[in-house]
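Below: the structure, in structure tokens.
Quick note: the coordinates plus some simple rules give every number you see, no bench work behind them. Computed from a predicted structure; not experimentally measured. A quick note on method: Cβ atoms are made from the backbone with ideal geometry, for glycine too, and the neighbour counts reach across all protein chains shown.
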Amino acid sequence: MKLNNKAFTVVELIASFALTMVITVLLFEILLQVKTIYQTQTIKSAIMEKTGIISKNIRRILPSDGSVTPSCSGSKCTIGGNTVSVSSNQVTIGKQKFNMPKTVSIKNPSLTTTCQAENCYLTFKMTLQSENMEDDYVYNTVYYY
């Protein structure tokens, strides 16, 4: 009598399941890395957008002819009739408030003015931290007026 054995053995089934599990774990690792990269880039993009708008608005209130000298101390600066102030997650320019993304906090804000001969500069520095970013984003801009 001849037996017709066409089924998989237990060893073959265990090997195929093990291979499937290894591939699945590797795919999940790749997925987690892509998720982290996406979150980091989203936060960085939002920060760059906000800081660009902040720079544009500071440039708008600074006089181009040097007729007004800003008065700055720490995280606050008065430019003519407008005030620029920085809190833990917000930059306020006049009546406009620019909130940073939810996971971003502002550390060590500094607004200073320096005049050398006929050239005056407003320096705006702040460090932006987020749990979604490995490194801090340092915003350091000098405005000439």
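Compared with the dominant Cα axis of the chain, that is its longest principal axis, helix 10-61 is turned about 10°. If one computes the Cα centroid of region 76-132 and of region 1-56, what distance in Å separates the two points? Comparing the Cα centres of region 76-132 and region 1-56, I get a distance of 41 Å.
Ranked for footprinting exposure by Cβ neighbours inside 10 Å, fewest first, 124, 98, 17 give 17, 98, 124. Percent of Cα pairs in region 1-57 per distance bin of 10 Å, from zero to the largest separation: 18, 19, 17, 15, 12, 9, 6, 3, 1, 0.
Across region 90-95, rounded Karplus estimates of 3J(HN,Hα) from the backbone phi angles (6.51 cos²θ - 1.76 cosθ + 1.60, θ = phi - 60°) give 8, 10, 10, 10, x, 9 Hz, Gly and Pro being marked x.
Note on 29, 118: ascending count of other Cβ atoms within 10 Å places them as 118, 29, the fewest first. When Rg and the Kirkwood radius Rh are both evaluated on Cα atoms of region 82-145, their ratio Rg/Rh stands at 1.04.
For the Cα trace of the chain, dividing Rg by the Kirkwood Rh returns an Rg/Rh value of 1.46.
Which pairs break 25 Å Cα to Cα here: 102/125; 56/102; 35/95? In this structure, 35/95 exceed 25 Å between Cα atoms.
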